[in-house]
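The values are calculated or read from the model by the stated rules, or taken from the named source; none is laboratory data. Since the model is a prediction, treat every value here as computed from it, not as a measurement. Positions of Cβ are backbone-derived with ideal geometry, glycine not excepted, and every protein chain shown enters the neighbour counts. What goes into the accessible areas is simple: the full protein's heavy atoms, side chains included, and nothing from ligands, DNA or RNA. Shrake-Rupley method; radii C 1.70, N 1.55, O 1.52, S 1.80 Å.
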Amino acid sequence: MACSISSDSDANAPAQLIDIARAAEPFDADTTYINLTYKLGDGDGEDSWLIEGETAAPEIGVIVRLSAIKSLAKAFQEDAARPKSQDDTGRGVLRERVRHTSVVLDAVLDSMRMTIGECAEMKIGQVISLPGAKMDKLDLSAGTVSGSLPISQGELGAWKGQRALKLKAPVPEDVIREIAEI
């Protein structure tokens, strides 16, 4: 904002707070300015801004040349009208970030219904019988915001001395397509 007031300011320099009375350039009578005032924490019925010994909420005032705002608005309009390439839309960046995002995978051997009371009574070392469990059928899913997303199926095994899951089915096409379309 300070760069908008002073025409000789470097546009890449960090904005500075300036005292209007000490501005590098005096206000020009032929230039239109916009004065923006923001009152901090002026909430109804609550002390949302507390400064020791002060009763009124402080204000921040910003004065900007109207021509600077018009220039910025024109640049935004031109940018919006310019056709976007694949990289300009950010799809490539988003796709790359999605591909490198960590997710929690669940390998579920079996599931069962229990009441909250039964869960509350569970103790360390208790054995829970899983009559429907099959070692060669585990469901692999990923937790998402909207619930569990089935990924594949596998079987329980061992690899290099550690427990492992061996995939028995490929990741479904619709899951791959959904990720690829991002």
- [ ] Give the accessible surface of region 97-182 per residue, rounded to a whole number of Å², with probe radius 1.4 Å and ligands, DNA and RNA excluded.
- [x] 86
TODO: Arrange the residues PHE27, PHE76 by how much accessible surface each exposes, largest first, with a 1.4 angstrom probe.
DONE: PHE76, PHE27
TODO: Would you calculate the separation in nanometres between label points at ALA169 and LYS39, each defined as 7 Å from the Cα along the Cα-to-beta-carbon direction?
DONE: 6.3
Task: Using distinct alpha-carbon pairs, which all enter the 1/r mean, Kirkwood radius of region 71-182 in Å - done: 18.6
Task: Contour excess over end-to-end distance, with Cα ends at GLU78 and ILE176 and 0.36 nm allotted per residue - done: 31.7 nm
